[in-house]
Amino acid sequence: MKIVLAAINAKYIHSNLGVYSLKAYGEQELAKREKTDIRIEIGEYTINHQTDHILQDIYKRKPDMVGFSCYIWNITYVRQLAGDLVKVLPKVRIWLGGPEVSYDAETILAREPAVEGVMVGEGERTFAELILTLGQKEGRGGQGRLEDIPGIVFRDSLGQIKAGPLRPLMSMDDIPFPYKSLEGMEHRIIYYESSRGCPYSCSYCLSSIDKTTRFRSLELVKQELEFFLEQKVPQVKFVDRTFNCRKSHCLAIWKFLLEHDNQITNVHFEISGDLIDEEQLEILRQMRPGLVQLEIGVQSANPATIREIRRNMDLDRLEEVVSTIRGYANIHQHLDLIAGLPYEDMGSFRKSFDRVFGMEPDQLQLGFLKVLKGSYMARAAGDYGLCFHEEPPYEVLCTRWLDYGEILELKMVEEMVEIYYNSSQFVYTLREMISRWKSPYGMFRELGEYYESRHLNTVSHSRLARYEILYDFLREADPQRIRSYQDCLMYDLYLRENIKSRPCFAPDQARYKAAVREFFMKERKTPGFLKGQETYDSRQIGKMAHIEVMSDGRMILFDYRKRSPLNHNAKAVIIGRWQEVAEKDENRSCING
């Protein structure tokens, strides 16, 4: 029997840990049998693939069984593919698993006649028992009974929907390491788990349903991390819901990474910021820039909201920890907010946004509440006046505290935050802007309104065009400081790349060409700023570095061979002052070198 485990990921760079774990456990159990003709393959696709492409690939594999991994981002594709697969492979057996089908399996089966069954909840043992049962010799009388398999809901031979007993949770150490080889995964994020479950009870989250937090033994975790480090994997992303909920576990892993750093691998953790203590901070302080990145779910700064969603958080301590880590300048911090939570109206959300923005995260994700099947939030939707999309991803439309128009405003702000903040391409310009707007939320809202009033939000823009749009906005909104903004925009622009095309607002640098050429020729002969580049002639060096003269005469050198491991910005340094500039800018400039 041939089995294809199909994963339809959101992006190519993602991988699906679930199907790799099922395959590893299934093959481990098959190896204990003397004879078996069961073979397991993985098929990974993305939602950007045409469903015809996925259908063709699965068909050519000629499976006897297909198991789909189901999430909110791919369930529509899975339902379509299941219906089409049984038309071209009439004898194929289709099973589903994953969070999007675990909490209403009977409804799924009633709606999808092509699906034979659903694996509910934790899947490794369920999958192994299922394929062993289905893979026994022909003749139903000689097969094991599906009714006896814990953790499944299935359709019997008469079309009746039945459920097996509940599946007990398993020890994390019983799950084999899912990555025998990383071939074909060189340019993808590797997902890894060292624990399952979550000790918290956040009402919007499915992880809160499994309150029995289970940990993989540290000996195994260290062995497996060593494998990733030896393979020089670019990024390992822990999927543990609250990685640092057990201090000893967290601290041991961070110490291991510090001591075994390969100078390449980045490791991502989702943590609760207020749980970090001084001992953990000291370990983080010593990390190589780029070794670790942290995702911290703040969700709201409104105490009433935090209480209502059953979340435990000391926001003052979280803010203190984020500030301390930011001061280390070695760790990327990603903070999350959720719009549409109970007791969060526009005034409250603006305060939440401004407070979290003031923490200066490297990224601020403004997400929207998704009302997931099986969550407490779904059960309490009526009490909150919570309306959401009927189809995945079940995103909020309105609540008792936010109407749909206000949700649309938040969507507008989210887009501006993504373009101008999370891209890290306008860092110095935004810092200058904040001193004028005071409220970050108000600043992004005004920028979004500028986009909408000129129908700019309906057009795809190049990166350079984004700079030009922001310049035009600033020239209209704050003309008194436009020269300072101009300097900041040029500084931000050249921090990222030595572009050939200059924006329409770029000042003419023709008068400085001779001095710039002379600088590069001198650097080639006697390096002062560009050490290690002396083997290149001045023309070649000019491709690796750029000099921009600011409005106050300062000459800024951008060295693209020395980029920050956190944001990939070029190294920037003031190399002198253009003495012939007579007019001095009276406005304070944001560039401090």
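The values are calculated or read from the model by the stated rules, or taken from the named source; none is laboratory data. Bear in mind the structure is a predicted one, so any value in this text is a computation, not a measurement. Every residue, glycine as well, gets a Cβ built from its backbone with ideal geometry; the counts of neighbours run over all protein chains shown. Areas reflect the complete protein model, heavy atoms only, side chains present, ligands, DNA and RNA absent. Shrake-Rupley method; radii C 1.70, N 1.55, O 1.52, S 1.80 Å.
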Can you tell me which residue within segment 488-521, out of those that are in contact with a strand residue (DSSP E or B) (Cβ under 9 Å, 6 or more places away or on another chain) and charged (D, E, K, R), is nearest to Leu447 (Cα to Cα)? Arg496
Would you mind finding the one in Tyr491, Tyr471 that is open to solvent by less than 10 Å² (accessible area, probe 1.4 Å) and among the aromatic types (Phe, Trp, Tyr)? Tyr491
Could you tell me how many of the residues in segment 416-460 are touching a residue at least 40 places away in the same chain (Cβ under 8 Å), open to solvent by 40 Å² or more (accessible area, probe 1.4 Å) and over 22 Å from the mean Cα position of the chain (by Cα)? 5
If you scan segment 551-574, which residues turn out to be on the phi < 0 side of the Ramachandran plot and more than 38 Å from the chain's Cα centre (by Cα)? Ser551, Asp552, Arg554
If you check Phe357, Phe368, which single one turns out to be touching a residue at least 60 places away in the same chain (Cβ under 8 Å) and open to solvent by less than 60 Å² (accessible area, probe 1.4 Å)? Phe357
Looking only at segment 515-533, decide whether some residue is in contact with a Lys or Arg (Cβ under 9 Å, 6 or more places away or on another chain), open to solvent by 40 Å² or more (accessible area, probe 1.4 Å), of a type in the set (Gly, Ala, Ser) and free of Cβ contacts under 8 Å to residues at least 12 places away in the same chain. yes
Go through Gln480, Gln540 for me and flag whichever is under 18 Å from Arg431 (Cβ atoms) and open to solvent by 70 Å² or more (accessible area, probe 1.4 Å). Gln480
Scan of segment 376-419 for residues that are within 23 Å of Tyr77 (Cα to Cα) and hydroxyl-bearing (Ser, Thr, Tyr), ordered by number: Tyr394
Cross-chain or 6+ apart pairs with Cβ under 9 Å, segment 544-566 first and without any contact (Cβ under 8 Å) to a residue 12 or more places away in the chain, then crowded, with 17+ Cβ neighbours inside 10 Å and assigned to a loop (DSSP other than H, G, I, E, B): Arg563/Asn569
How many residues are free of Cβ contacts under 8 Å to residues at least 60 places away in the same chain, surrounded by fewer than 19 Cβ atoms within 10 Å (Cβ to Cβ) and assigned to a loop (DSSP other than H, G, I, E, B) when one looks only at segment 330-344? 1
Test each condition in (1) outside any strand (DSSP E or B); (2) farther than 22 Å from Pro176 by Cα; (3) not hydrophobic (A, V, I, L, M, F, W, C) for Tyr45 and report the one that comes out false. (1)
If I filter segment 513-537 down to residues being in a loop (DSSP other than H, G, I, E, B) and β-branched (Val, Ile, Thr), which single residue comes out as modelled with the lowest pLDDT? Thr535
Quick test for you: out of Ile40, Ile8, pick the one residue that is assigned to a strand (DSSP E or B), at pLDDT 95 or above and either within 15 Å of Glu124 (Cβ to Cβ) or among the polar types (S, T, N, Q) (or both). Ile40
